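Read the structure below first, then the notes.
Each value in this text was obtained by applying a stated rule to the coordinates, not by laboratory testing. Source: prediction; values computed, not measured. Glycine also receives a Cβ, built like all others from the backbone with ideal geometry; neighbour counts cover every protein chain displayed.
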């Protein structure tokens, strides 16, 4: 007789397979949409903006799925890779035997092979259906190494072309600094930080990990004399009451990606070189006035737009406003250069608007709306539209 717990465990497995099948159906629908939209663009004839039109396909899917464009582009690429080069794994995906995460792992491994036919497709599918994602990833690494051992140097050179730094802002005022570096350089950094422990004072209560993290920050941000190594601006929105110690409301970065505690803000405010701006907005978030509490500052108009918008004003795009173009909603000279007619757009979405792949207008109270190639309308969203945070702290 089957026990209650056995039935529940069976149900967990059934639901997991149903979820995997739903992921597969969603992926197939994404591919069908992408192919249909591409066919529409190609049927329209040659266009000088063909590449930009094709890239906008991912934007439409991203808005529908509420995902980033990069995630959508990766999912489409991974699906095409596995569907074309590992048909057994693709059938297992459609049947709900493996999920989208395992498809991502398999796609990554396939992408490293110079000779796609060298792998055993059925063997990959069998292993994927009976092992965890971590086991699958490790097994595929070993498989690729055995199949093409001479390709390691080539793969290393290719990976080095992808070297980069990434910062992920977490919760509670802490973030992660991640880097993809040549292994020998990463090992040298590790050794250097380890050697700093020899100079750690005996009465220092920090752990070894804490001490090395502090040393890395110090070496990146200060010179040997302890002075700032570079003039970098860190801008956050913060209530005046928090600066004065009358409240503990946190500050928020202009792009909305991280928050800082009131205690941290007051510490930054006490440091030399920190200045504050006051930005006044109306209830719709339109900037009415901006001034610096101290000496007169230049570039206040751009600064005010960065404060108001936070990020690129195209839906799902999170590129910080201070790294975006400042675009006229109504093109100049027909549209004025003022806060009501200006907004922040990353270069790609700026180009998509300029060539007419997407268009923008305003609702009855002046809020901007986007019109997609599909005919759908989506509202732009500002990170800091209200008046509850009227002071911007700039820590240099």
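Data for the structure
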{"item": "Residue 141-residue 115 pseudo-label distance in nm [points 7 Å out on the Cα-to-Cβ vector]", "result": "2.4 nm"}
{"item": "Whole-number D in µm²/s for region 1-93 (Stokes-Einstein; Kirkwood sum over Cα pairs; 20 °C, 1.002 mPa s)", "result": "137 µm²/s"}
{"item": "Ellipsoid equivalent to region 164-230 - semi-axes via the Cα gyration tensor, in Å", "result": "20, 17, 15"}
{"item": "Extension reserve of the residue 126-residue 190 stretch, reckoned as 0.36 nm per residue once the Cα distance is removed", "result": "19.2 nm"}
{"item": "Label point distance in nm, residue 241-residue 19, each placed 7 Å from Cα along Cα→Cβ", "result": "4.2 nm"}
{"item": "Gained length - residue 371 relative to residue 5, 0.36 nm times residue gap less alpha-carbon distance", "result": "126.6 nm"}
{"item": "Additional length obtainable on full extension of the chain from residue 214 to residue 302, 0.36 nm per residue less Cα span", "result": "28.3 nm"}
{"item": "Residue order, fewest to most beta carbons within 10 Å, for 346, 312", "result": "346, 312"}
{"item": "Rounded if a/c under 1.5, otherwise prolate or oblate - region 4-160, Cα gyration tensor axes", "result": "oblate"}
